[in-house]
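Just below is one structure, and these are the notes that go with it.
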């Protein structure tokens, strides 16, 4: 009994610890600036409203700028929020799609084809993830600059692809290795070449791992801050994290606006996670145990 | 149809040689069984014929065509696996029709071929099911269906019955035999089960250590084993192989060290022309149709199969007659058979 009580208590504590900031984000996004900064804080919005979201979606409109009044001013660059959301989506989708193409083929080659240097390739791919991102920022900046990609979405896509691929390849290799080898053999006998075996056996049987890998690639791109800060300098290519962070660095900060922007920023990943939840769990534990 | 010729086929994994310079000529329409214990190289040989393992050395011909470096999908062979290897995401009909689909056969023609094969293998009622909704026997029939649907000239089977229970194995065995009679294609069949080998094969290649120990008809392998390994691998219970305790046929040169082999069933009541062995019955195991005995003769213990009407009891003394012509003689040093 006591054990159950303790378990319950710590579970609630843990959930509050994890979900607390998110709940506060949601609550404050529905509050006025003055309500957010009030002491004691309003845990629940006293006058809930969508005014902050309206401000975001009409941020380009100068009339709205005036209408928000003293307690609801718009940070400079607020008009960049929606374009940056679009940039983030573009980058995330490109990285996810390119991950699919490269990770699938790379994982198939490493997991299935017995070629000379196979182990070395695998370890090289994995070793690249041991290096912390911060160590790569300057060399990457130079490479991207020399490629003429600085300040473009392409710069972020190329960079994030390099960052995410090793892990997605690894997820898929683990999963592919769990698919019975006889299925591959049977497909080769039935008339598949390597592309056929990938398409008819490995692709349809590794959906959970694929979804997990794609989610990982998308979310990593969506959340990434450091490379985006260094590699993009104008609103044309900047992503959501950079723009939102920019709001806080002004002399004054509109918490209501930032929090509403935060809610918009977490919506796509949360939606994706809910949609594919079943696959993600199966995919992330892939290869952990042999079926 | 195709004849298969292996010339010096060798498979090496790093420093380990799994198959050593194997020469084997399989005639068109022949049912060849590769028989041997685990790790003897039989499956590796089959995989080399299929194209699933690269050939380290040697040449492989289908008729006169050199297929040594050809990938599996260009060899036009069909294969049945021990694990069935059915595509779990496809229905039975899709599994069977898959090889035809890959060859660009029209959907209507695929449907017709699948229906025909399903009828032949009694799968018609199961065509819309997925593999996980089938029993082991049904799965193996689907695997067979996938193999026969495109009328290949060479069938390769890798222990296809090992995962089935004893009763099912018997019925599948006769199904495979009937298929061979009907299709008259070349079959290469890998097994470690001597009963399967003896009942199915036109010829058996007994393998050990990556080398063919003997290549002969089932009767030849059983009646004239080339060495002590083949002699003891075939026959249940195993042949009695003894240096002493069994009569030495007269034609064996005096002084030569030999091992004498006696099949458990090659004994009778003592009589004319038979050498009588006398011993104590240590164990009696009635098997229904016959009785298995352990008889200690001097220092040696012989395992014998005798008719059930012999009515022997443990502890009693028993005389049995052995025909010297039925004894197998092997050189003690080389383990090779010596003939008169």
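The values are calculated or read from the model by the stated rules, or taken from the named source; none is laboratory data. Here the structure is a predicted model, which means the values were calculated and not measured. Please note: Cβ atoms are built from the backbone with ideal geometry, for glycine as well, and neighbour counts cover all protein chains shown.
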Scan the stretch A:199-209 residue by residue and report those that are more than 7 Å from every other protein chain (Cβ to nearest Cβ), surrounded by fewer than 21 Cβ atoms within 10 Å (Cβ to Cβ) and either touching a helix residue (DSSP H, G or I) at 6+ places or on another chain (Cβ under 9 Å) or not in a helix (DSSP H, G or I) (or both).
-> A:203, A:207, A:208
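Inspect the stretch A:28-44 for any residue being outside any loop (DSSP other than H, G, I, E, B) and closer than 18 Å to residue A:267 by Cβ and give the result as yes or no.
yes
Does the stretch B:106-131 hold any residues that are under 24 Å from residue A:194 (Cα atoms) and modelled with pLDDT of 95 or more, and which are they? Step through it out loud before you land on a result.
Step one: filter the stretch B:106-131 for residues under 24 Å from residue A:194 (Cα atoms), giving B:106-107, B:110, B:131.
Matches in the stretch B:106-131: B:106, B:107, B:110.
Against the definition (within 22 Å of residue B:248 (Cβ to Cβ), surrounded by fewer than 17 Cβ atoms within 10 Å (Cβ to Cβ) and at pLDDT 90 or above), how does residue B:270 come out, yes or no? Write out each step before concluding.
Numbers: within 22 Å of residue B:248 (Cβ to Cβ): yes; surrounded by fewer than 17 Cβ atoms within 10 Å (Cβ to Cβ): yes; at pLDDT 90 or above: yes.
For residue B:270, the condition - within 22 Å of residue B:248 (Cβ to Cβ), surrounded by fewer than 17 Cβ atoms within 10 Å (Cβ to Cβ) and at pLDDT 90 or above - is met.
Just name the residue that is farthest from the other protein chains (Cβ to nearest Cβ) out of those in the stretch B:45-59 that are outside any loop (DSSP other than H, G, I, E, B) and surrounded by fewer than 24 Cβ atoms within 10 Å (Cβ to Cβ). Outline the logic, then answer.
Within the stretch B:45-59, the subset outside any loop (DSSP other than H, G, I, E, B) is B:45-50, B:57-59.
Retained after the next criterion (residues that are surrounded by fewer than 24 Cβ atoms within 10 Å (Cβ to Cβ)): B:46-47, B:50, B:57-59.
Working: B:46: 11, B:47: 8, B:50: 6, B:57: 17, B:58: 19, B:59: 21 Å.
Checking each candidate, the answer is B:59.
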Would you pick out the residues in the stretch B:75-113 that are closer than 13 Å to residue B:142 by Cα and more than 14 Å from chain A (Cβ to nearest Cβ)?
-> B:92, B:93
Got a sec? Which of B:82, B:20, B:94 is in a strand (DSSP E or B) and assigned by TED's automatic domain parsing to the domain that holds residue B:218?
-> B:20
